[in-house]
Amino acid sequence: MNIKLVSTILLLLISFQVAARQNDSAREIAFKPEWNMFMEVAVQSGGDGTEPLPLYNRADGQFYSGIPIRVVGPWAGIDNQTWEDEAKAGGFLKFAAGVEIPLFDQFSLSTAFGYQFDDIEGDLTDGSNGSGFVSMSRRTIDFIGFYNYGRHRFGLGGTYHYQPQIVHKESSAGFSLTSRYNFDDAIGAVLQYDYLVTQNLSFGLRLTEIAYDFSDLSVRYNVGNVSIDANCTGNCKELVSANSFGAHVTYRF
């Protein structure tokens with residue numbers, strides 16, 4: 001499992017344990033269908049890397065699929081121990097804010113606007129002695145209906161991902177390369193479980209099923225005093241899985 005995912009989940013679990021010990025005896029702790037505003041941070045993993053996409057080959061100026069973009073770097077600042085990382089379409093961090101709306105009985109609706117991204121940066125693994133950067137990003141809109149039962153709630157809904165994009169950069173002493181991949185907007189399904197720690201703080205798990213339809217890319221390759229602009233040729237319509245599973249912490253106010 002990805003080191004950055006493991007470390008972030010550990011931090012979330014630690015904060016969950018600390019919050020669980022807070023004294024909230026003044027009120028009964030339970031999910032209640034009522035109006036609330038909330039902020040949320042999530043860590044998640046899953047989906048495809050860059051393998052389904054056409055990648056520009058600096059050596060011959062052609063596009064090839066089936067190649068993952070990976071970078072390496074010192075682990076925890078220790079030079080003789082390295083980590084290898086790859087960006088995933090379903091990762092990694094998500095920040096969101098929204099509103100909870102009471103419906104009827106024990107049912108409520110949650111709507112949220114968010115920003116999700118996965119950034120990696122480090123040394124290239126192709127022997128060029130260069131550095132690489134990959135960022136997968138999108139904006140999200142979630143609509144999830146919940147059944148509230150005491151400290152627990154169970155949700156099912158949908159998510160809309162707006163302007164998914166990948167930015168890929170490589171650079172060294174003799175060259176620089178920037179590729180931008182654009183995807184069509186997408187709609188997916190969400191399954192979620194939350195546990196209420198205090199009346200304002202909850203911890204949960206979320207499964208998202210969604211895929212992106214790759215639409216186009218642009219490449220700018222600078223080598224020496226020459227600049228090359230390239231666009232994908234051939235079959236550039238690929239479906240990229242952005243399915244994910246992750247954990248989140250939500251604070252209501």
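The values are calculated or read from the model by the stated rules, or taken from the named source; none is laboratory data. Note that the coordinates shown come from a computational prediction; the quantities given were computed from them, not determined experimentally. Positions of Cβ are backbone-derived with ideal geometry, glycine not excepted, and every protein chain shown enters the neighbour counts.
Considering Asp126, Asp105, the condition of being in a loop (DSSP other than H, G, I, E, B) and without any contact (Cβ under 8 Å) to a residue 60 or more places away in the chain is satisfied by Asp126 alone.
Just one of Asp118, Asp105, Asp85 is more than 28 Å from Ala211 (Cβ to Cβ) and of a type outside the set (S, T, N, Q); which is it?
Result of the check over Asp118, Asp105, Asp85: Asp105.
Kindly establish whether Phe117 is in a strand (DSSP E or B) and more than 24 Å from Val43 (Cβ to Cβ). Spelling it out, it is not the case that Phe117 is in a strand (DSSP E or B) and more than 24 Å from Val43 (Cβ to Cβ). When you scan segment 220-230, do you find a residue that is over 19 Å from Asp119 (Cα atoms), of a type in the set (Phe, Trp, Tyr) and out of contact with any helix residue (DSSP H, G or I) (no Cβ under 7 Å at 6 or more places or on another chain), even just one? There is at least one residue in segment 220-230 that is over 19 Å from Asp119 (Cα atoms), of a type in the set (Phe, Trp, Tyr) and out of contact with any helix residue (DSSP H, G or I) (no Cβ under 7 Å at 6 or more places or on another chain).
With respect to the conditions (1) within 25 Å of Asn129 (Cβ to Cβ); (2) without any contact (Cβ under 8 Å) to a residue 60 or more places away in the chain, Gly158 falls short on a single one, namely (1).
Only one of the numbered conditions (1) within 22 Å of Ser128 (Cα to Cα); (2) surrounded by 15 or more Cβ atoms within 10 Å (Cβ to Cβ); (3) of a type outside the set (A, V, I, L, M); (4) touching a residue at least 40 places away in the same chain (Cβ under 8 Å) is violated by Gly204, and that is (1).
Each residue in segment 210-224 was checked for being modelled with pLDDT under 85 and of a type in the set (Gly, Ala, Ser), and 2 pass.
Within this structure, Glu100 passes the test of being crowded, with 20+ Cβ neighbours inside 10 Å, of a type outside the set (A, V, I, L, M, F, W, C) and modelled with pLDDT of 95 or more.
With respect to the stated conditions, Arg153 fails to be within 22 Å of Asn243 (Cβ to Cβ), of a type in the set (Lys, Arg) and in contact (Cβ under 8 Å) with a residue 12 or more places away in the chain.
Filtering Tyr162, Tyr147 for residues that are within 14 Å of the chain's Cα centre (by Cα) and under 25 Å from Ile210 (Cβ atoms) leaves a single hit, Tyr162. Note on segment 132-174: among residues that are outside any loop (DSSP other than H, G, I, E, B) and of a type in the set (A, V, I, L, M), the one that is surrounded by the most Cβ atoms within 10 Å (Cβ to Cβ) is Met136. Given the criterion at pLDDT below 90 and of a type in the set (Lys, Arg), identify the matching residue among Arg70, Arg139. Exactly one residue qualifies, and that residue is Arg70.
Of note, Ala242 does not satisfy the criterion of being closer than 23 Å to Glu121 by Cα, more than 25 Å from the chain's Cα centre (by Cα) and aliphatic (A, V, I, L, M).
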